[in-house]
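The values are calculated or read from the model by the stated rules, or taken from the named source; none is laboratory data. The structure displayed is predicted, hence computed values, not measured ones. When we count neighbours, we look across all protein chains shown, and the Cβ atoms used for this are built from the backbone with ideal geometry, even at glycine. Heavy atoms of the whole protein, side chains included, go into the accessibility calculation; ligands, DNA and RNA do not. Shrake-Rupley method; radii C 1.70, N 1.55, O 1.52, S 1.80 Å.
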Amino acid sequence: MTTSGKCRQGRAGPWCGGLLLAVLASPVMADWFDLQPAYDFENEFATIRLEAVNALSDKWSYYGFLDFNGTMDEPLELEGWFTEHTVRYSPADPGTGWADFAAAAEVDAGSGLTDVYRFGIT
């Protein structure tokens, strides 16, 4: 993943950040949440990942992460970012063979990148 080191004013980024915060602040909170600070030795910059999974209901689920990255010039200045969020809806009842199939919508966005939207069946 390559970032420009500058936060891009795109349409998806603010919505994705808000979605991640909404999932974390929901009454049931995230089913799983992780904060992963790391250092990329190959590219020589720091990174922090916020990641969450939430079963919003029996039929709706959410997965998302938000990375903040440094650059080779400023390895500890976490100005670059990348985010991915997926929302799934399964019309089948849990416990049936069809419950593993779902319609999904995904958005990827990041500094210096064009927003990518994906829709399909998983």
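Points to keep in mind about this one:
- Per the listing Ala46, Ala102, the residue uniquely free of Cβ contacts under 8 Å to residues at least 60 places away in the same chain, farther than 20 Å from Gly120 by Cβ and open to solvent by less than 20 Å² (accessible area, probe 1.4 Å) is Ala46.
- Of everything in segment 101-111 that is of a type in the set (Gly, Ala, Ser) and part of a strand (DSSP E or B), the residue that is farthest from Asp67 (Cα to Cα) is Ala103.
- Flag if Asp108 is more than 17 Å from Glu44 (Cβ to Cβ) and open to solvent by less than 40 Å² (accessible area, probe 1.4 Å): yes
- You will find that of Thr86, Thr114, the residue that is assigned to a strand (DSSP E or B), of a type in the set (Ser, Thr, Tyr) and surrounded by fewer than 20 Cβ atoms within 10 Å (Cβ to Cβ) is Thr86 and no other.
- Just one residue in the set Trp81, Trp98 is at pLDDT below 85 and part of a strand (DSSP E or B); that residue is Trp81.
Yes/no per residue for (1) at pLDDT below 75; (2) out of contact with any Pro (no Cβ under 8 Å at 6 or more places or on another chain); (3) hydroxyl-bearing (Ser, Thr, Tyr):
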position	(1), (2), (3)
Pro27	yes, yes, no
Ser61	no, yes, yes
Leu66	no, yes, no
Tyr89	no, yes, yes
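- Criterion applied to Tyr63, Tyr39 was being closer than 24 Å to Thr122 by Cα and of a type outside the set (S, T, N, Q), and the one residue passing it is Tyr63.
- Condition broken by Gly5, with the remaining ones in (1) buried (at least 18 other Cβ atoms within 10 Å of the Cβ); (2) at pLDDT 80 or above satisfied: (2)
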